[in-house]
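Here is the structure we will look at, set down as structure tokens.
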Amino acid sequence: MIEIKNISKTYTHHSEKVKIINNISISIEEGQWCTIVGPSGAGKSTFLNCVAGLLQPDEGEIIHEGIDIYSLKDKVKSEYRRLNIGFIFQDFKLLPYYSVLDNVALPLIYDEQKKSLYTKAKSLLEEVGIKEQMFNRLPEALSGGEKQRIAIARALIANPKVLICDEPTGNLDVNNRNIILDLLSKFKNSGKTIIMVTHDEEVANHGDKIYKLSNGILEERMKKNDSFNFESNNQ
Ligand SMILES: Nc1ncnc2c1ncn2[C@@H]1O[C@H](COP(=O)(O)OP(=O)(O)OP(=O)(O)O)[C@@H](O)[C@H]1O
Ligand SMILES: [Mg+2]
């Protein structure tokens, strides 16, 4: 279970303070798929970074399985994250001088024997539809959708308990989007937790719970049929 307790985050632009996250509290049960929608600039990526232990909120606590992650020393926190949380970044964050295969294997490079690790990395790449002839390419020689699928494979390599995804299907065509949704469903059905930001209404409906983030506040939204236009929500 992940407990998000009264978190707030303010950014300062030229001495003007903007409160992006305003006292948000939710609990996400183990095995739950939670989706978050909301207008561009609402703070969705900021919120995910806070939940993942990458960005400390100004106030409040993020508690993963009873541990307040920001109370951990940096090294311990990084280890916890590396082994328990898979993160798919909105801008992928693939390492430019590493091959596709090395990018996927990287999170476990010091933990596993190279042979079994690379076998696992190859099979994940195949699951996300990346062909063998791409394994040795550098990220610069890939399309946006290919990079995204490689970022997904990398997030899954350590078999994390929690997968945090920032627009994981944003660059994908319908076919590849469905491949990724099937993969995420499989992940969830094995008892894992998913926290996902998306602009895609159909993707959002895969969540057990759907939240909308706007004006710093997270509200639970009814599933399906409860259509409101979250894109045009004013800030
Ligand atoms: N490091 C930062 N310093 C200052 N302002 C920031 C920083 N990061 C984000 N912001 C601002 O905070 C707001 C929320 O950004 P965030 O990236 O969390 O939005 P988002 O909901 O993920 O948007 P999108 O849907 O476009 O990805 C934006 O107005 C952004 O300009
Ligand atoms: Mg974002």
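The values are calculated or read from the model by the stated rules, or taken from the named source; none is laboratory data. Since we're looking at a predicted model, the values are computed, not measured. Reconstructed Cβ throughout: ideal geometry from the backbone, glycine too, with neighbour counts over all protein chains shown. The protein model used for the area step is the full one, side chains on, heavy atoms only, and it has no ligands, DNA or RNA in it. Shrake-Rupley method; radii C 1.70, N 1.55, O 1.52, S 1.80 Å.
Observations
- Per-region count, segment 52-92, residues within 12 Å of ligand 1 (Cβ to nearest atom) and either crowded, with 21+ Cβ neighbours inside 10 Å or not charged (D, E, K, R) (or both): 4
- Annotation note: of Ile4, Ile21, the sole residue that is more than 12 Å from ligand 1 (Cβ to nearest atom), β-branched (Val, Ile, Thr) and part of a strand (DSSP E or B) is Ile4.
- Unmet requirement for Thr119, which otherwise passes all of (1) over 28 Å from Ile2 (Cα atoms); (2) in contact (Cβ under 8 Å) with a residue 24 or more places away in the chain: (2)
- For segment 93-108, the tally of residues that are more than 16 Å from ligand 1 (Cβ to nearest atom) and open to solvent by 60 Å² or more (accessible area, probe 1.4 Å) stands at 4.
- Residue within segment 68-86 that is of a type outside the set (S, T, N, Q) and within 16 Å of ligand 2 (Cβ to nearest atom) present: no
- Among the numbered conditions (1) within 13 Å of ligand 2 (Cβ to nearest atom); (2) in a loop (DSSP other than H, G, I, E, B), the only one that Gln56 does not meet is (1).
- Qualifying residue in segment 25-43 (condition: away from ligand 1 (no atom under 16 Å from the Cβ), in contact with a helix residue (DSSP H, G or I) (Cβ under 7 Å, 6 or more places away or on another chain) and not in a loop (DSSP other than H, G, I, E, B)): yes
- Look at segment 37-49: where a residue is at negative phi and more than 8 Å from ligand 2 (Cβ to nearest atom) and a partner is polar (S, T, N, Q) and open to solvent by less than 20 Å² (accessible area, probe 1.4 Å), sitting 6+ places away or on another chain with Cβ atoms under 8 Å, you get Val37/Thr198; Pro39/Ser214; Ala42/Ser214.
- Residue pairs whose Cβ atoms lie under 8 Å apart, separated by 6 or more positions or on different chains, with the first residue in segment 195-213 and of a type outside the set (Ser, Thr, Tyr) and the second assigned to a helix (DSSP H, G or I) and away from ligand 2 (no atom under 15 Å from the Cβ), are Met196/Leu184; Asp200/Arg177; Val203/Arg177; Val203/Leu181; His206/Leu181; His206/Leu184; His206/Ser185.
- Test: residue in segment 66-89 that is over 26 Å from Glu30 (Cβ atoms) and without any contact (Cβ under 8 Å) to a residue 24 or more places away in the chain: no
- Looking across segment 1-19, the residues that are at pLDDT 95 or above, open to solvent by less than 70 Å² (accessible area, probe 1.4 Å) and more than 28 Å from Asn159 (Cα to Cα) come down to Ser8, Lys9, Thr10.
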